[in-house]
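Here is the structure we will look at.
Values in this text are rule-based calculations from the coordinates and carry no lab data. Here the structure is a predicted model, which is why all the values come from computation and not from measurement. For neighbour counting, all protein chains shown are included, and Cβ atoms are generated from backbone atoms with ideal geometry for every residue, glycine included.
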Amino acid sequence: MAQSDALGGFPNRTVRIVVPFPAGGNSDIISRAIANRLTQTWGHPVLVDNKPGADTVIATSEVARAAPDGYTILSNISLIVQNTFTKKLPFDTFKELKPLIAATETPMFFVASQTGDFQPKNLAQFLQRAKQKPGTTSFGSFGNGSTGHLLLLALRRNASVDITHVPFKGNSDVIIQLLNGQVSSSFLPYSAIAAHLGSGRMRILAATGLTRPSFAPETPTFEELGISGFSASQWNGFFISARTPPAIQAKLVRDFDAAIKSKDVASKLESLGLTPVGGTSDNLQKMLTRDTELIRTAIESGQFRAE
């Protein structure tokens with residue numbers, strides 16, 4: 001069968017991208033930039049449908065139940081991995097959904113408050129305090145099982161320190177408490193902290209990844225500071241029903257890749273401190289595998305308990 005026959009004219013009507021977060025956040029902005037470009041490419045509307053709630057489970061469940069025709073696409077982050085370990089889900093995530101393409105990734109930055117009685121200027125000072133006075137340093141995260149929380153657990157293991165975890169409902173809450181000095185530290189994406197770095201109320205101490213981020217070259221990585229196990233990044237990717245016909249999957253990958261790498265979309269993503277990824281589905285699968293190992297290690301070490 002010719003490829004055009006296998007595609008059946010896809011797409012010949014509106015395509016919907018379901019975003020599990022409210023409008024205005026990074027996932028929403030990323031999805032809308034790509035949707036606008038695809039609308040131009042396909043000549044049919046690509047709509048962004050915000051379905052927040054239940055740590056992305058509401059949106060993920062909707063796409064898992066959708067017809068496997070390529071017209072309903074999920075935007076998600078690493079919570080899609082963490083939820084498979086931490087929640088009892090009404091679907092089998094990676095049997096019912098297939099990784100389509102990674103849109104962006106960005107290092108996670110370990111930041112410390114500079115407004116309390118302890119104002120570390122580098123990672124060594126922070127870790128020294130955590131070792132000398134166990135329990136006096138704290139860490140705010142987006143919630144139990146979030147990427148930030150899992151990175152904290154890795155820091156506890158690999159640096160042999162005791163840091164108190166304080167979970168919040170979102171990154172905005174974490175930032176408020178950092179700026180007020182109510183929590184000592186956090187792992188956050190650059191886009192969440194960039195506006196506050198000039199205030200002098202928080203400081204970046206280190207970044208995840210194997211190389212220094214191009215947009216923050218003065219920031220050392222954990223690896224170069226002698227602490228291994230911090231290659232994880234925060235990413236945003238797209239998923240479809242695993243039963244979607246291969247020809248449609250392949251077209252979506254090609255067209256999403258072109259949109260992500262287009263000059264206007266790439267510039268928009270880079271302005272948020274994000275690195276456009278694209279490529280094949282394998283890139284997103286590698287990120288999923290890396291995140292799976294991160295949470296599995298936390299569980300096997302007894303630091304984290306899955307349901």
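Values computed for the structure shown
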{"quantity": "Residues with amide H under 5 Å from that of Ser231, placed H, sequence gap 5 or more", "calculated": "Gly209"}
{"quantity": "Restricting segment 225-307 to trypsin sites (Lys or Arg not before Pro) in coil, as DSSP defines it, with at most 15 other Cβ within 10 Å", "calculated": "Arg243, Arg305"}
{"quantity": "Cut-off under 5 Å, modelled amide H: who pairs with Leu97 long-range", "calculated": "Ala242"}
{"quantity": "Rg to Rh quotient for segment 192-302, alpha carbon positions, Kirkwood Rh", "calculated": "1.03"}
{"quantity": "Which of Asp92, Asp255 has the fewest Cβ neighbours within 10 Å, and the rest in rising order", "calculated": "Asp92, Asp255"}
{"quantity": "Contact order relative to length of the chain, as percent, for alpha carbon pairs under 8 angstrom and 6 or more apart", "calculated": "26 percent"}
{"quantity": "Cα convex hull volume per residue for segment 107-207 (Å³)", "calculated": "83 Å³"}
{"quantity": "Part-to-part distance (alpha-carbon centres) for segment 289-303 and segment 174-224, which is given in Å", "calculated": "24 Å"}
{"quantity": "Distance violations [Cα-Cα > 22 Å] among Lys263/Lys286; Lys88/Lys169; Lys98/Lys286; Lys51/Lys286; Lys51/Lys98; Lys133/Lys169", "calculated": "Lys263/Lys286; Lys51/Lys286; Lys133/Lys169"}
{"quantity": "Mean Kyte hydropathy of -1.0 or more with a Cα span along the axis of at least 18 Å, helices from DSSP in the chain", "calculated": "26-42, 246-261, 281-300"}
{"quantity": "D (Stokes-Einstein, µm²/s), Kirkwood Cα radius, the chain, 1.306 mPa s at 10 °C", "calculated": "79 µm²/s"}
